[in-house]
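The values are calculated or read from the model by the stated rules, or taken from the named source; none is laboratory data. Note that the structure is a prediction, hence the values are computed from the model and not measured. Cβ coordinates were reconstructed from backbone atoms using ideal geometry, including for glycine residues, and neighbour counts include every protein chain displayed. These area figures cover heavy atoms from the full protein model, side chains too; ligands, DNA and RNA do not enter into them. Shrake-Rupley method; radii C 1.70, N 1.55, O 1.52, S 1.80 Å.
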Amino acid sequence: LALKDADCGIAMASGAQAASQVAQLVLLDSDFGALPHVVAEGRRVINNIQRSASLFLVKNIFSVLLSVVSLVLPLTYPFLPLQLSLLSAATIGTPAFFLALEPNHERVHGRFISNVLRAALPGGITDFLLVFLAQGFCFSFDLSSDYLGTISTIVVLTVGLMVLWGVCRPFNTWHWVLWGAMAVIGYGGALLLAKLDLGGTLVLVALLGLAGPTLFGVSMLNTRIHGAVGEVQDKVRRRRES
């Protein structure tokens, strides 16, 4: 009965068969000395999946918002498949692959979904706002769709590297190498695909100047909203308990 009620029931293989059937975890060598390694592996999996998921959700949130707006308003979808592949490789796929495999024994804090959304929402919303502004600028200054694609790619790449910076903290030698390599690959590929004139360059510089403040402001707003939601949930939980 105690194993059933426990959050995580642990039994030894040499013990009673009923206990092994009920427990969530069975120690095959009947040695509780293995538990620290079990906890460390669980922390590594949860923390690394949490960081990788936040990178993937940034693009998903941005793509959903931009697709909905593009369906409602007469706006051109700004990206070519090659540009999307570059963004996915430099800011999502490659760093997520390596970050998911590294050791990470930090204690798990908070809730998984809440932590992932808190890390991903600011980046996705910032991408959407800046690309929406880029479309407005290109329409106002009569810039071509090629210029719009280049501007949007570099802006989204910059925001993605900012998000990756936050995911890589605290930095060590390996994180510096990973982030630097992604920056070189991303900006190098973007410059090879770049098509800009003087007007497009000025629009790009203006949007890059807005990237940091916008991401910071959205992050602060997101933190406050999550804090308010957490307080409401705590109040509801206390009322239920009382």
Residue tally, condition open to solvent by 40 Å² or more (accessible area, probe 1.4 Å) and assigned to a helix (DSSP H, G or I), over the range 190-218:
12
Test PHE97 against the stated conditions and say whether it is under 14 Å from the mean Cα position of the chain (by Cα) and at negative phi.
yes
Suppose the filter is part of a helix (DSSP H, G or I), exposed (fewer than 13 other Cβ atoms within 10 Å of the Cβ) and modelled with pLDDT of 90 or more; does TRP176 pass it?
yes
Of all residues being touching a Phe, Trp or Tyr at 6+ places or on another chain (Cβ under 8 Å) and open to solvent by less than 40 Å² (accessible area, probe 1.4 Å) in the range 162-173, which is nearest to PHE216 (Cα to Cα)? Just the residue, please.
LEU164
Quick check on my filter: what residues within the range 1-24 are open to solvent by less than 50 Å² (accessible area, probe 1.4 Å), under 14 Å from VAL38 (Cβ atoms) and of a type in the set (A, V, I, L, M, F, W, C)?
ALA11, ALA23
With (1) modelled with pLDDT under 85; (2) touching a Phe, Trp or Tyr at 6+ places or on another chain (Cβ under 9 Å); (3) of a type outside the set (Lys, Arg) as the list, and ALA90 as the residue in question, which single condition is left unmet?
(1)
Considering only the range 1-35, state which residues are in contact with a Gly (Cβ under 6 Å, 6 or more places away or on another chain) and assigned to a loop (DSSP other than H, G, I, E, B).
ALA23, GLN24
